[in-house]
Every structure is written in structure tokens, then in C-alpha cells.
Amino acid sequence: SQTIHQWPATLVQPVGSPLSLECTVEGTSNPNLYWYRQAAGRGLQLLFYSVGIGQISSEVPQNLSASRPQDRQFILSSKKLLLSDSGFYLCAWSGDSFSGNTIYFGEGSWLTVV
Amino acid sequence: GDSVTQMEGPVTLSEEAFLTINCTYTATGYPSLFWYVQYPGEGLQLLLKATKADDKGSNKGFEATYRKETTSFHLEKGSVQVSDSAVYFCALSEGIYNQGGKLIFGQGTELSVKP
């Protein structure tokens, strides 16, 4: 069966420091991969999605970037964190559209920028 | 663009009460519709889904029917339990092949069930 893992689960970082959140998927090949953010008290916002290695689409302009160095690895990064980057970050994966577009989420990473 | 609107929370119910969480959508195509649940401090779990008009998704006593005529996908449960306390998200998938089926979420509805 397919599984998705992301880490670290919790992170407290000072303003201006770098960020790296990592996500891996097992049990499937060529998944679509996503990074979502959930700010406190709000819904989910799609940040990035990827349909293949090295293919990244950004949904909103921001202080963050994403990379997909391997088929089942998705990384969220920042060179200099802002206070507004605090939130709950969720990695997710799906099969292609022929498999019904269901998206499955990881456990999430809590980021607090201080 | 496509969007999802959910009823605002929080919703507070007594155990064994009937639950309805309203969800309506706007979409240009024929999206798939989903309900996800988020328990405190956790990620999102798929609760149920429907991929075409008049389909009914069901899981763990929850049900939702894809109503194209009213563009709705309301979540219902006949008798809620304390363990159902969570935030519920309605979502649609654009289902465009080239875009990988991105999800658009509603704002979420917090449900609190009291014993």
C-alpha cells in the first residue's frame, strides 16, 4: 500500500533563517505531489504541485520554493523565513486523473517562525 | 474560477444528534467532490468522495450526495459521537489532466460533539 511521510513534525525557527521540509511517498510511482499550507483558523491553500521530476508549478507568489529531485521526493524550502510563513504545512500525493483524483495527505509539519 | 463554500462553524451538537454540514460549489467542468476530516493536531484524512452527479459517497456513517442541479455536496450523519469532533473540509478536484487534479478546499467547519 501507498504511504506518505513528511518531516520534521514540528519546527520553531527564527525570522531570517532557512527552511527545509521533506516529504517522501512509497508504494507508487510517478505520483502528483503537492504542498499545502493551513494558516491558523483558515482553510488550506495550495502552494506548489508537481506532475514529475523537476516540474514544479507555483500557485501563489511567496517566500517559499519547492523542488522534486526524485520521483517520490518533494521538498519545501525557504532561504529566509518570515513571520507570516508560520502555519501547518501538508504534503500530499495523488495518482493521475484516470485514478480518480483522490489526494492523500501526510501527517503535517507545524512551523512556528519567531 | 472554481470555488467551494461551506457553512461556518463551529457547530456544537450533543451526542446522537443529527448532523448536516452544508457545502456548495462552483465549477466550470465536471469535478469530483470530496469530504476530508482533520482531527486535532493531525493531517487530513479522506472521509468520502463522489465522482459524478447523483453519486453518494459514504463512510463511517457519514454520507454525501453529489447534486449537480443544486451544486451541493452536503455532509450528513444520523447520530454523531464525541469521537466525530474534528474539522471537516469540503473540496473539489478540477480534474484537468494536465494539472494533476488539484483540490480546491472550503474553509472548513469545526464540529464539537458534547457527551
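Some observations on this one:
- Residues of region A:2-35 satisfying the condition of being open to solvent by 30 Å² or more (accessible area, probe 1.4 Å) and of a type in the set (G, A, S): A:A9, A:G16, A:S20, A:G27, A:S29
- Test result for B:T71, open to solvent by less than 60 Å² (accessible area, probe 1.4 Å) and within 11 Å of chain A (Cβ to nearest Cβ): no
- Test: residue in region A:75-97 that is among the β-branched types (V, I, T), in a strand (DSSP E or B) and modelled with pLDDT under 95: no
- Only one entry in B:E76, B:E42 is open to solvent by 40 Å² or more (accessible area, probe 1.4 Å) and at pLDDT 95 or above, namely B:E76.
- Boolean, A:Q62 is open to solvent by 20 Å² or more (accessible area, probe 1.4 Å), more than 14 Å from chain B (Cβ to nearest Cβ), under 15 Å from A:T28 (Cα atoms) and without any contact (Cβ under 8 Å) to a residue 60 or more places away in the chain: no
- Only one entry of A:L46, A:L33 meets the criterion of being outside any loop (DSSP other than H, G, I, E, B) and either out of contact with any strand residue (DSSP E or B) (no Cβ under 9 Å at 6 or more places or on another chain) or within 27 Å of B:E8 (Cβ to Cβ) (or both), and that entry is A:L46.
The values are calculated or read from the model by the stated rules, or taken from the named source; none is laboratory data. The structure presented is a predicted model; accordingly, all values stated were derived computationally and were not measured. Note: ideal-geometry Cβ built from the backbone for every residue, glycine included; neighbour counts use all protein chains shown. SASA here: full protein model, heavy atoms, side chains in, ligands and nucleic acids out. Shrake-Rupley method; radii C 1.70, N 1.55, O 1.52, S 1.80 Å.
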